[in-house]
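Colleague: Pasting a structure below so you can have a look.
The values are calculated or read from the model by the stated rules, or taken from the named source; none is laboratory data. Worth saying up front: this structure is predicted, and the values here are computed from it rather than measured. Positions of Cβ are generated from backbone atoms using ideal geometry, with glycine treated the same way; all protein chains shown enter the neighbour counts. Side chains included, ligands, DNA and RNA excluded: accessible areas come from the protein's heavy atoms. Shrake-Rupley method; radii C 1.70, N 1.55, O 1.52, S 1.80 Å.
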Amino acid sequence: MLERIVHWIGGKEYDSGESRLGPVYDPALGTQRASVLLADAAEVDVAVAAAASAYPGWRDTSIAKRQSVLFAFRELLNARKNELAEIITNEHGKVLSDALGEIVRGQEVLEFALSFPEVLKGDYTYNVSTGVDVHSLRQPIGVAAIISPFNFPAMVPMWFLPIALAAGNSVVLKPSEKDPSAAIWLARLLAEAGLPDGVFNVLHGDRAAVDGLLEHPGVTSVSFVGSTPIARYIYQTAAANGKRVQALGGAKNHMLVLPDADLDLVADAAVNAGFGSAGERCMAISVVVAVEPVGDALIAKVTERMSKLRTGDGRRGCDMGPLISREHRDKVASYIDVAAQDGATVVVDGRDVIADGAPEGFWLGPTLLDRVPTTSRAYTDEIFGPVLSVVRVNSYDEGLALVNSGAFGNGAAIFTHDGGAARRFQAEVEVGMVGINVPIPVPVAYHSFGGWKESMFGDAKAYGVDSFRFFTREKAITTRWLDPSHGGINLGFPQNV
Ligand code: NAD
């Protein structure tokens with residue numbers, strides 16, 4: 001009998017019995033392991049109503065109490081993160097060490113969120129006019145919807161939820177229907193930490209649930225992470241419905257390698273950033289831009305490292321796991337043919353991999369493509385799999401122009417020993433996150449995460465101080481304590497004297 005994964009609403013499991021169901025797979029086995037409820041409009045109403053009714057109580061809960069709940073959550077998460085890592089590996093397929101890594105990066109945001117009494121402190125100005133003071137408050141905004149992708153089932157929700165909760169909002173999380181169990185585990189842990197019922201809810205579903213949240217008058221903000229076409233849709237629809245919205249989209253991250261770079265460091269970085277989590281990371285490196293003459297030497301070093309990677313079941317200590325689904329594996333694999341037909345050289349073909357796992361697992365081994373034409377869909381599309389492309393150019397300027405010509409602007413890296421070139425690159429490259437001899441420049445929690453161009457719609461990035469601004473609104477208060485000497489009638493516009 002398959003496990004049935006149900007919603008978490010009002011502090012407990014919720015199953016109306018009416019929902020459609022979606023399959024949840026174990027990608028390393030290639031078999032269905034559970035079914036997940038897919039919410040309809042009525043269930044969206046129930047979840048938003050639970051969050052809306054819990055909101056005033058949580059908003060008015062003292063800072064000390066909110067902080068103690070989140071601190072308890074941090075302690076529980078830290079003690080039990082191995083349980084969560086197993087859940088992630090079972091449903092996503094990424095290897096256990098990588099699953100643990102995403103939890104640690106999510107925990108980092110929680111730890112940053114615990115500084116909220118300092119970050120949310122208002123300003124105070126004494127005597128702006130005679131006897132008049134002004135101060136500001138940052139107040140929560142209401143019910144925050146979070147819609148997350150499959151590739152980081154714990155970390156991406158944790159980019160938003162600790163900050164939304166710390167600021168005094170209630171939350172409805174709509175996780176990916178492909179790996180929904182991590183969200184439920186987090187909900188149980190928050191309840192155990194003492195979060196009042198209804199402050200954090202998990203609503204499972206697909207487009208119907210998302211549309212329900214986007215249109216629901218009770219939802220005040222939408223934080224979305226996923227592919228670019230959906231991010232654009234979310235941004236436009238949520239904004240049209242009067243909601244505050246941040247929508248992070250897809251990526252095609254480049255790594256520019258100058259001739260003076262340390263090619264062993266570069267090859268290590270390219271393999272780690274290209275094939276970690278089977279390339280299913282929005283900050284994965286998918287294109288290496290080699291400034292000649294380094295192309296041949298770099299291809300040799302990368303190929304040599306790739307030959308040692310073990311693809312297989314993430315529970316067996318392999319380097320790289322399966323892809324999320326059979327359809328996605330087939331789609332990623334189809335780009336190898338696209339690239340070859342367009343004139344690229346297939347240096348390593350991941351379709352030949354012999355995986356350390358069940359034969360029906362969604363396997364595709366690390367793949368290396370050289371001289372990929374920049375007109376090929378294999379170059380322009382986000383592939384989101386273990387396919388690393390190499391493009392060769394003749395100068396820094398040609399490489400920079402290529403990096404900047406793409407539709408996406410999430411991250412980019414430069415590898416060089418030339419400080420002047422690196423300094424120019426950080427100013428000239430048109431992306432939101434830049435690595436200098438760092439291939440996956442995901443900022444720490446007290447900076448903010450987000451791309452440019454088609455990689456992000458909206459103004460407020462994820463986490464960092466930006467995120468506290470997103471999840472609060474400011475109120476400016478002008479105060480005068482009565483002083484008889486300032487009475488009298490004056491219909492003029494207030495002036496400070
Ligand atoms: P996705 O866009 O398919 O799904 C993301 C979320 O949107 C899921 O919760 C899904 O249920 C929902 N959704 C799917 N189709 C929808 C539709 N038609 N209408 C409304 N909602 C819909 O993305 P994914 O495949 O789960 O995740 C991979 C993508 O996410 C990649 O493009 C990756 O680059 C991107 N991503 C971006 C970042 C970032 O920070 N920029 C981080 C992680 C992942």
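Colleague: Of all GluC sites (Glu not before Pro) in the stretch 104-152, which ones are in loop regions per DSSP and have a Cβ with at most 15 other Cβ atoms within 10 Å?
Modeller: When the GluC sites (Glu not before Pro) of the stretch 104-152 are filtered for loop state and at most 15 Cβ neighbours within 10 Å, nothing remains.
Colleague: Over the heavy atoms of Val291, what accessible area does a 1.4 Å probe trace out, to the nearest 10 Å²?
Modeller: The value for Val291 is about 10 Å².
Colleague: Please report the accessible area of Cys282 (heavy atoms, 1.4 Å probe, ligands and nucleic acids excluded) in Å², nearest 10.
Modeller: 20
Colleague: In the chain, what percentage of the DSSP-assigned beta bridges are antiparallel, given to the nearest 5?
Modeller: 40
Colleague: I've got another one for you. Could you tell me what percent of the DSSP beta bridges with both partners in the stretch 1-86 are antiparallel, to the nearest 5?
Modeller: Taking every DSSP beta bridge within the stretch 1-86, about 75 percent pair in antiparallel fashion.
Colleague: Also, quick follow-up: Go ahead and run the numbers for FRET between Ser334 and Thr380, Cβ-Cβ distance against an R0 of 22 Å, rounding to 0.05.
Modeller: 0.90
Colleague: With every protein chain kept in place and ligands, DNA and RNA left out, what is the accessible area per residue of the chain? Probe 1.4 Å, answer in Å².
Modeller: On a per-residue basis, 41 Å².
Colleague: Express the carbon and sulfur contribution to the solvent-accessible surface of the chain as a percent, rounded to the nearest whole number, probe 1.4 angstrom.
Modeller: 53
Colleague: Hey, another quick one. If the cut-off is 28 Å between C-alpha atoms, which lysines fall inside it for Lys94, apart from same-chain ones fewer than 8 positions away?
Modeller: Cα-Cα hits under 28 Å: Lys81, Lys174, Lys178, Lys252, Lys301, Lys308, Lys331, Lys461.
Colleague: Order the following by accessible area, largest value first: Leu137, Leu173. Probe radius 1.4 Å; ligands, DNA and RNA are ignored.
Modeller: The most accessible residue leads, giving Leu137, Leu173.
Colleague: What whole-number value in cubic angstrom gives the convex hull volume per residue for the C-alpha atoms of the chain?
Modeller: It comes to 168 Å³ per residue, whole-number rounded.
Colleague: Looking only at the stretch 1-23, which residues have a backbone nitrogen under 11 Å from a spot 7 Å from the Cα of Asp197 in the C-beta direction?
Modeller: 9-13
Colleague: How much of the calculated P(r) for the stretch 253-436 lies past 24 Å, in percent of all Cα pairs?
Modeller: The answer is 33 percent, as a whole percent.
Colleague: When the helices in the chain are scored as -39500 (n - 2.57) per DSSP H run of 4 or longer and the sum is shared across all residues, what 222 nm value do you end up with, to the nearest 500 deg cm²/dmol?
Modeller: So the helix-based figure for the chain works out to -12000 deg cm²/dmol.
Colleague: Looking only at chymotrypsin sites (Phe, Trp or Tyr not before Pro) in DSSP loops with at most 16 other Cβ atoms within 10 Å, what is the longest site-free stretch of the chain?
Modeller: Longest run free of exposed loop sites: 1-445.
Colleague: Taking all protein chains together and a probe of 1.4 Å, list Val109, Val119 from the most accessible to the least accessible.
Modeller: Listed by decreasing accessible area, they come as Val119, Val109.
Colleague: Mind jotting down the distance between the C-alpha centroids of the stretch 270-298 and the stretch 91-132, whole Å?
Modeller: 31
Colleague: Going from most exposed to least, what order do Ser395, Ser148, Ser405 have by accessible area with a 1.4 Å probe?
Modeller: Ser405, Ser395, Ser148
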